[in-house]
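Bear in mind that the values in this text are calculations on the coordinates, not laboratory data. What you see is a predicted model, and the numbers here were worked out from it, not measured in a lab. Backbone-built Cβ (ideal geometry, glycine too); neighbour counts: all protein chains shown.
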Amino acid sequence: MCNSTITKFKKLPYWLNFVSKQYIFEKDKKLPTHYYHFKRGTVIRVNFGINPGSEFSFTHFAIVLDKNDSSRKNTLTVLPLTSKPGINRYCLGKDIFNQTVTLLNSQIKKINDQIPRIQQENLKQEAEILAEDINQISKVAYIYQDFNKSSYVRLTDITTISKLRITKINKFDPSGKIKLTEKQMKDLSLEIAKLYLDKT
């Protein structure tokens, strides 16, 4: 049994629990009526769930393809990302990781700028909040260090997801703020067209 299959079995109960809760919310009409909306090319973190065979599973980055998303729309069409090269995969280089580092450094600077004032005024409660913020940023940085490598778009895995699958580590997670350039999106569109559209 391969490692990915073992991991699927370990994570399956958590996924089934998540799905069950969403079905209950749907039955009780407690699902959100408004959602975050994203621009085309935004990179988000998506829980693709636990799926059979070679279907894409687990939590991965994904690129938003929708041109006209809105807060009332509860689905998105996305392209998953992976760190593994292969057939029908488009390389983005380290652009996503580099944007992540820039955003995290900006958040760290904001926190560091507050420290002198808090120390000078001996603000205990604010100091505790700041310490917790530092812990949360450290958690994000620790998880994201694994992405210090090239990212590849899985061109053959276009899928439509519920926005309920979108996940963030915590409030400092930069996913949702990372965005591909117009050129990258145009190049992606051309690669997708080569795969799925007949030449005219």
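For this structure, a couple of remarks:
- Alpha-carbon centroid distance for the pair region 60-90 / region 3-52, whole angstrom: 15
- Angle in degrees between helix 182-196 and the longest Cα principal axis of the chain, rounded to the nearest 10: 30
- Isotropically averaged projected area of region 17-90, using the convex hull of Cα atoms (one quarter of hull area), nm²: 6.2
- Springs join every pair of Cα atoms under 10 Å in this Gaussian network model of the chain, and among SER71, SER150, SER54 the largest mean-square fluctuation is at SER54.
- Ranked for footprinting exposure by Cβ neighbours inside 10 Å, fewest first, VAL78, VAL140 give VAL140, VAL78.
- Alpha carbon convex hull of region 146-200, volume per residue in cubic angstrom: 134
- Note on LYS94: aspartates and glutamates with a C-alpha under 16 Å away, same-chain residues under 8 apart excluded, are ASP146.
- Of LYS67/LYS199; LYS84/LYS149; LYS109/LYS139; LYS84/LYS199, those spanning more than 18 Å from alpha-carbon to alpha-carbon: LYS67/LYS199; LYS84/LYS199
- Straight-distance candidates among the aspartates and glutamates for linking to LYS124, with alpha-carbon spacing under 13 Å and chain neighbours fewer than 8 residues away dropped: GLU132.
- Selection from PRO52, PRO32, ILE6, by position along the positive dipole direction of region 1-60 (Cβ): PRO32
- Given R0 = 22 Å, the distance between the Cβ atoms of GLN99 and THR7 translates into a calculated FRET efficiency of 0.20.
- Pairwise label distance in nanometres, ASN122 with LYS183, each label 7 Å out on the Cα-Cβ vector: 5.6
- Neighbour-limited loop hits for trypsin sites (Lys or Arg not before Pro), region 56-139 (at most 13 other Cβ within 10 Å; DSSP other than H, G, I, E, B): LYS67, ARG72
- Among PHE25, PHE61, PHE48: highest mean-square fluctuation, GNM of the chain, C-alpha pairs under 10 Å: PHE25
- Electrostatic dipole magnitude of the chain [Cβ: Lys, Arg +1; Asp, Glu -1; Cα centre; debye, to 20]: 400
- Inverse of mean 1/r across different Cα pairs in the chain, Kirkwood, Å: 19.1
- Three-way shape label, region 68-153, alpha-carbon gyration tensor, a/c 1.5: prolate
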